[in-house]
Amino acid sequence: TAVVDKIIETAVDVFTPGRGTGENTWWMRSLRLLEHKAGKTQRELDIRSEIRRWDDQMPFLHHELLVRYAAGFLSSGLAMVIYDYIRGMKRRR
C-alpha cells in the first residue's frame with residue numbers, strides 16, 4: 001500500500017495545476033495555497049475512489065496485483081541490464 005500511496009501522491013502532483021499569477025499580496029498567496037491544497041486533496045480522493053471502483057468491478061485484477069506485476073517487470077528488466085553490463089565488462093578484459 002505504500003507503493004500505491006506514492007503513485008497516487010505523484011499522480012496528484014502531476015495532474016493538479018500549480019499556482020497561478022496574481023499572487024502579489026500575502027493574502028492572495030495564502031488563499032491560492034489553500035485552494036491548491038484543497039484541489040490536491042480532492043484529486044487524491046477522486047483517484048482513491050476510482051481505484052476502489054476498479055477493485056469492485058474487477059476483483060480478479062486488483063490494483064495492488066497490477067502494481068506488483070509492474071514492479072516485478074521493472075526490477076527484472078533492471079537486473080537484466082545490470083547483468084548484461086557486468087558481463088560485457090568482463091568480456092573486455
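The values are calculated or read from the model by the stated rules, or taken from the named source; none is laboratory data. What you see is a predicted model; the values in this text were computed from it and never measured. Positions of Cβ are generated from backbone atoms using ideal geometry, with glycine treated the same way; all protein chains shown enter the neighbour counts. These area figures cover heavy atoms from the full protein model, side chains too; ligands, DNA and RNA do not enter into them. Shrake-Rupley method; radii C 1.70, N 1.55, O 1.52, S 1.80 Å.
Using heavy atoms of the protein chains and a probe of 1.4 Å, the accessible area assigned to Glu35 is about 100 Å². Please report the carbon-and-sulfur percent of the accessible area for segment 30-81; probe 1.4 Å, protein heavy atoms only, DNA, RNA and ligands left out. Whole-percent figure for carbon plus sulfur exposure: 66.
For a straight C-alpha distance cut-off of 20 angstrom, the lysines reachable from Lys6 (same-chain residues fewer than eight places away being disregarded) are Lys37, Lys40. Remark: spin-label model distance Leu34-Ser76 equals 5.1 nm, labels positioned 7 Å along the Cα→Cβ axis.
Full extension of the chain segment joining Thr41 with Arg87 gains 11.8 nm, where the gain is 0.36 nm per residue of separation less the Cα-Cα distance.
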